[in-house]
1. What is the number of the single condition among (1) exposed (fewer than 12 other Cβ atoms within 10 Å of the Cβ); (2) closer than 26 Å to PHE37 by Cα that GLU269 does not meet?
2. Among the numbered criteria (1) farther than 19 Å from LEU65 by Cα; (2) in a helix (DSSP H, G or I); (3) in contact (Cβ under 8 Å) with a residue 24 or more places away in the chain, which single criterion is violated by ASP127?
3. For the stretch 202-242, which residues satisfy the criterion of being free of Cβ contacts under 8 Å to residues at least 24 places away in the same chain and among the basic types (Lys, Arg)?
4. Name the single residue, out of those in the stretch 283-327 being part of a loop (DSSP other than H, G, I, E, B) and aromatic (Phe, Trp, Tyr), that is surrounded by the fewest Cβ atoms within 10 Å (Cβ to Cβ).
5. Pairs needed: first member in the stretch 134-151, closer than 10 Å to VAL182 by Cα; second member anywhere, crowded, with 16+ Cβ neighbours inside 10 Å and of a type in the set (Phe, Trp, Tyr); C-beta distance under 9 Å; at least 6 residues apart or different chains.
6. Looking for something aromatic (Phe, Trp, Tyr) and part of a helix (DSSP H, G or I) - is there at least one such residue anywhere in the stretch 231-247?
7. Which count do you get for residues in the stretch 294-327 that are at pLDDT 90 or above and touching a Ser or Thr at 6+ places or on another chain (Cβ under 6 Å)?
8. Report, by residue number, each residue of the stretch 282-319 that is touching a residue at least 40 places away in the same chain (Cβ under 8 Å) and either within 23 Å of the chain's Cα centre (by Cα) or closer than 21 Å to VAL72 by Cα (or both).
Amino acid sequence: MSSKKTLRQILDASDKCFLVPCVYDCASNHAVEMCGFPVSLLSGGEVSISRNGVIDYGFTNLTDLEEVISRVATTSAIPLIADIEDGFGGPLAVYRAAKRLAAAGAAAVQLEDSADMEESTKILPRDKYMAKVRAALEALEGTDCLLIARSNADPADPEQMKEGCERLQEAIDLGKERGMYVLAMMVLVGNVEQATEMAKIVTGPKIFADVRAYKGEDGHYHPSVTMEELTPLGFKMCSSHYTMKAAMEGMLEHGLANFKNQSVAYSFETAPASHIESFSASGMWDPQAYLALENKFTGGDKEYTIVGHQVEDYPKGFARFDVSERL
């Protein structure tokens, strides 16, 4: 029996808002797990870049997401939220997408009200979006997969802000009618003042989207909003983008040094987080734990190596999970 908690269980057990990193593949999700984050969010835009090598401009389809979610969720010890953008069409397409992605292992699906996926600046009429919400709720009923209703309404426009908030609260209320838990997100809300205005209308559980930082007069960057500010406003989670940037920055840093030196010595000596001095990152996946499971079946004492080379142990100070739940 799996010890993995559902997203609802984690939310019910938490009394404060917490940070949720966006991920794009098994490796980025594993890094998030290792650091102790309880939930991750699959970014549609970053999946487009990592899987298809193109920008976030409507190139990702349902099959792409279904495969990535299945692979990440299966090997993940924490719940994975899936960004399904506009649901890939009308209400029937949303119903199909929500049903398939819940079956693939998504802990929640995030459905937006965009009327133009290339720009994501126009929003659907409320009746059209609510039809999609009803379709998603019916598809998810009886599963552990939650719905996140997302609006792209502009908080700088008072009328649009009001409309966005009202449709999000309506989505929450539709969920309540079915005994289902729905969260709300307004993606352009960017500071505590706007979050406070949102909370006046959207009284149900909320997610703050894509927290950013600003450069202060002291020359340092500071968060645009804190978890302590969001908690009393009813925000349960706060999404963030850093994994792809961190990965690219690391690869560029190592790549520039190794290209210049025509050597990989820099990569062996530069491991400030894991302290693994090796040519491989395999040690971060706890490889010997997999072999221990196989040895249990065979009665052997096989050790994990790469072309005869020993692999370093799992780094100290990071969260660790039972590998039997990753296979």
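1. (2) is the only condition that GLU269 fails.
2. Failing condition for ASP127: (3).
3. ARG212, LYS215
4. Of everything passing the filter in the stretch 283-327, PHE318 is surrounded by the fewest Cβ atoms within 10 Å (Cβ to Cβ).
5. As it stands, the answer is LEU146/TYR181; LEU147/TYR181; ALA149/TYR129, since those pairs meet every condition given.
6. no
7. Selection size over the stretch 294-327: 1.
8. If the condition is that a residue be touching a residue at least 40 places away in the same chain (Cβ under 8 Å) and either within 23 Å of the chain's Cα centre (by Cα) or closer than 21 Å to VAL72 by Cα (or both), then MET284, TRP285, PHE318, ALA319 are the ones that fit.
The values are calculated or read from the model by the stated rules, or taken from the named source; none is laboratory data. Worth saying up front: this structure is predicted, and the values here are computed from it rather than measured. Don't worry about glycine lacking a Cβ; one is built from the backbone with ideal geometry, like all the others, and counts go over all protein chains shown.
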